[in-house]
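Just below is one structure, and these are the notes that go with it.
The values are calculated or read from the model by the stated rules, or taken from the named source; none is laboratory data. Bear in mind the structure is a predicted one, so any value in this text is a computation, not a measurement. Glycine also receives a Cβ, built like all others from the backbone with ideal geometry; neighbour counts cover every protein chain displayed. Accessible surface areas use protein heavy atoms only, side chains included; no ligands, DNA or RNA. Shrake-Rupley method; radii C 1.70, N 1.55, O 1.52, S 1.80 Å.
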Amino acid sequence: ERAQEHIERALSLAPNDADVLASAGIVALMRREEDKSIHFLTRSLRHNPNNPHATAALGWQRCLRDGDEKGLAMIVTAEKRAPHHPRYGIWAHYRGASLIYLNRFEEAAVAYRQSIERNPDYHLSRLGLAGALIHLQRDNEATAAIASALKIAPYYTLNHWIALIDAWPGLAGKDKTKAEYIECCRRVWPV
């Protein structure tokens, strides 16, 4: 909510600033307001087409909303253009999630492994990897990925993961219903 307040103020002061528009798009992305996110990120890229994070985030949003392969290409483009960007590790995470939405689970597992390699302290990439492995019916590996996430974030629970899936239902892919996927998550969660 505080981020939203800051964005509203920034937009009132600089409604056409590329960085303000990109930030508004990212806040909307995190609030699950896909149309609003796409609107702001698209406007931002019109003003500054070289912003790799806006490019990757817009690509992710296009995959989330429309299953758009061009969105996936945007993420890859950002990764190629800016391998030293501070958000480089998260772009592989975006790519992994997009590939799950596109039912390309083997590629999603590779993307999540790249995200883990780039940003080893980010527990959600390890959970994303577990999700891809669930789709690939590699339950033991999924459990190991979750266990590695819990070493980083011991407070994280199965209920947190279920809440994440509720917020981002595309994580269930298209091969399972959300309820089926959640049951798979329960099955592989370390006891």
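For residue 110, which of the numbered conditions (1) at pLDDT 95 or above; (2) surrounded by fewer than 14 Cβ atoms within 10 Å (Cβ to Cβ); (3) β-branched (Val, Ile, Thr) fails to hold?
For residue 110, the failing item is (2).
Answer yes or no as to whether residue 85 is open to solvent by 30 Å² or more (accessible area, probe 1.4 Å) and touching a Pro at 6+ places or on another chain (Cβ under 9 Å).
Details: open to solvent by 30 Å² or more (accessible area, probe 1.4 Å): yes; touching a Pro at 6+ places or on another chain (Cβ under 9 Å): yes.
Judged against the criteria, residue 85 is a match.
Quick check on the range 156-189: of everything there that is in a helix (DSSP H, G or I) and of a type in the set (D, E, K, R), which residue is most open to solvent (accessible area, probe 1.4 Å)? Please lay out each step first, then the result.
The initial filter retains those residues of the range 156-189 that are in a helix (DSSP H, G or I), namely 158-167, 169-172, 178-188.
Filter again for of a type in the set (D, E, K, R), leaving 166, 178, 180, 183, 186-187.
Numbers: 166: 80, 178: 78, 180: 96, 183: 104, 186: 110, 187: 138 Å².
Result: 187.
How many residues, within the range 97-138, are polar (S, T, N, Q) and free of Cβ contacts under 8 Å to residues at least 24 places away in the same chain? So that I can check it myself, show each step before the final result.
First, pick out the residues of the range 97-138 that are polar (S, T, N, Q): 98, 103, 114-115, 119, 125, 137.
Cutting the leftovers down to free of Cβ contacts under 8 Å to residues at least 24 places away in the same chain gives us 114, 137.
Matching residues across the range 97-138 total 2.
Any residue at all in the range 62-81 that is among the acidic types (Asp, Glu), crowded, with 17+ Cβ neighbours inside 10 Å and either at pLDDT 95 or above or at positive phi (or both)?
Going through the range 62-81, the residues among the acidic types (Asp, Glu) turn out to be 66, 68-69, 79.
From what is left, the residues that are crowded, with 17+ Cβ neighbours inside 10 Å are 68, 79.
If we keep only those that are either at pLDDT 95 or above or at positive phi (or both) too, we end up with 79.
Looking for residues that are among the acidic types (Asp, Glu), crowded, with 17+ Cβ neighbours inside 10 Å and either at pLDDT 95 or above or at positive phi (or both), one finds at least one in the range 62-81, hence yes.
Which residue pairs have Cβ atoms closer than 7 Å, lie 6 or more positions apart in sequence or on different chains, and pair a first residue in the range 8-19 that is in contact (Cβ under 8 Å) with a residue 40 or more places away in the chain with a second residue that is in a loop (DSSP other than H, G, I, E, B) and among the acidic types (Asp, Glu)?
Sorted first by the residue in the range 8-19, then by its partner, the list stays empty.
For the range 143-155: of the residues being in a helix (DSSP H, G or I) and touching a helix residue (DSSP H, G or I) at 6+ places or on another chain (Cβ under 7 Å), which is surrounded by the fewest Cβ atoms within 10 Å (Cβ to Cβ)?
At the first step, the residues of the range 143-155 found to be in a helix (DSSP H, G or I) are 143-152.
Of the ones still in play, those that are also touching a helix residue (DSSP H, G or I) at 6+ places or on another chain (Cβ under 7 Å) are 143, 145-146, 148-149, 152.
Numbers: 143: 18, 145: 26, 146: 24, 148: 16, 149: 23, 152: 14.
Going through the qualifying residues, I end up with 152.
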